[in-house]
1. Using a simple charge model, +1 on the beta-carbon of Lys and Arg, -1 on the beta-carbon of Asp and Glu, nothing else, what dipole does segment 205-273 show about its Cα centre, in debye to the nearest 20?
2. How far apart, in nm, are the 7 Å Cα→Cβ label points at Asn371 and Asp154?
3. Any chance you could give the angle, 0 to 90 degrees and rounded to 10, that helix 339-351 forms with the longest Cα principal axis of the chain?
4. If you average over every viewing direction, what projected area does the convex hull of the Cα atoms of segment 166-307 give, in nm²?
5. Using +1 at the Cβ of each Lys and Arg and -1 at the Cβ of each Asp and Glu in the chain, identify which of Ser338, Val294, Phe62 lies farthest towards the dipole's positive end.
6. Please list, ordered by chain and number, the residues whose modelled amide H lies under 5 Å from the amide H of Ala221; skip anything fewer than 5 residues away on the same chain.
7. Multiplying the sequence separation of Asp49 and Ile233 by 0.36 nm and subtracting their Cα-Cα distance, what value in nm do you get?
8. Please report, in debye to the nearest 20, how large the charge dipole of segment 215-404 is about its Cα centre when each Lys and Arg carries +1 at its beta carbon and each Asp and Glu carries -1 there.
Amino acid sequence: MKGVSPLAACAVVGLLLCAAVSGEAVLDSKLMSARENYLTCDHYASMFDEVKINSENNLKCFSLCTEPGEGSPKKAGLVCLKIAEVTNKTCIKFMYRTLNDFIMTRAFAGASSNCDEKPWYPFQKAKRFDPELGVKTKTLIVCLDSFDTPPGADDMGCCNTDICVAAKLEVAYDRYPYYTEYAFPPESNKDCITNGVFRRCTVELLCSQSCDIDTAAFCFAVDVSQSLWDPVIGGSVEAFQSQIDFVAMGIEAIENNGGVNLEYGVVAFGDDGEVIADLTTAANASEAVSEIAVPTVKFGTNIESALSTCEAVLSGSPKEFRVLILITDGVPTVGNTSSADLEAQGDAIKDAGIQIVTIGAGDFIDANLLNNLSTSGSFISVDSITDFTSALNDLLEEVCERSLTVPA
């Protein structure tokens, strides 16, 4: 620094260092603030009965290849992941196996909530092996309580979304001298990304309720009123289709989590309730739902008729567990619109042994009415009329809870 004394220069450098440290402190403070609402993945997974990785088969495998270096990459091994209970904890098993003439000298395993975050070190577990032992298989265990996750938009944290896994082997040919090299999932794998010197992969963590519903009847009351599909008053074809998809997926989810002897009915209601499918199989009910077209007539919202029509469908069933699932995006505008009268109607249905689950979407619902109609006293809320399917897990959880209140 021309014309600046050594002491002044030192002072300037000191200020710069202070500014740098201060900047890091601000960044660290922001990071800590953002992570204040993080909880362990296990916190969220423990809310569900079943946790699996990747699919219902609960298995995801990745090839492990050496890096190109001076030659072409070689397939050195394989890692398969599965969820398992280990000492009363829900954990990911990293099951390693080397191939061909390779042996493993070290194995690494890790998990986190997000592959987009660059880690300082992505592994929770590591194990070293004497090459003289010729180790070719090894399992490392990373439990879900070993990493944190944000709550997410649906408050399910790491559940039913992608998590990030890190798998790495140090391998050598099974002969002396043991020259080692690292093996990772290949860069060509579309589920894997490289952050610095680490390669990590996304895999879905599936969490579900399993309540083994057996011998039950369900009736879905589907809202086809104008407010859902007419763009002039805020509706859309997308919103209408979202509800149709939700009902079809709801039937499938209940069927997959249930036992045997389940029946489903479907009622569409606008100005009046109309039976689209009387009590039938899941396949027949889903097919009937898929054929519900966007109306060409501007209907109102007749909740009175929706309740009475579904009640009539369910009254024909001798099953002990019967559930009426009412879906709507608005307030009653046709038929008896008195909240007191509709709540009395709901009470009579519940007194007859029929459980009621209510689902309300958007900003124009009567939350008090839906709460009071529901057997649980609380309706399932959907923020947007174009996003009914976001309530699928809530529906399944509610149905499972209702099933536990019915005598076997």
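1. The dipole magnitude comes to about 120 debye.
2. 2.5 nm
3. Computed tilt is about 80 degrees.
4. Convex hull of Cα atoms, orientation-averaged projection: 15.2 nm².
5. Phe62
6. Val267, Ile325, Leu326, Ile327
7. Using 0.36 nm per residue and subtracting the Cα-Cα distance, I get 62.1 nm.
8. About 260 debye.
The values are calculated or read from the model by the stated rules, or taken from the named source; none is laboratory data. This is a predicted model, so every value here is computed, not measured. Because the Cβ atoms are built from the backbone with ideal geometry, glycine has one as well, and the counts that use them run over all protein chains shown. Note: areas computed on protein heavy atoms with side chains; ligands, DNA, RNA excluded. Shrake-Rupley method; radii C 1.70, N 1.55, O 1.52, S 1.80 Å.
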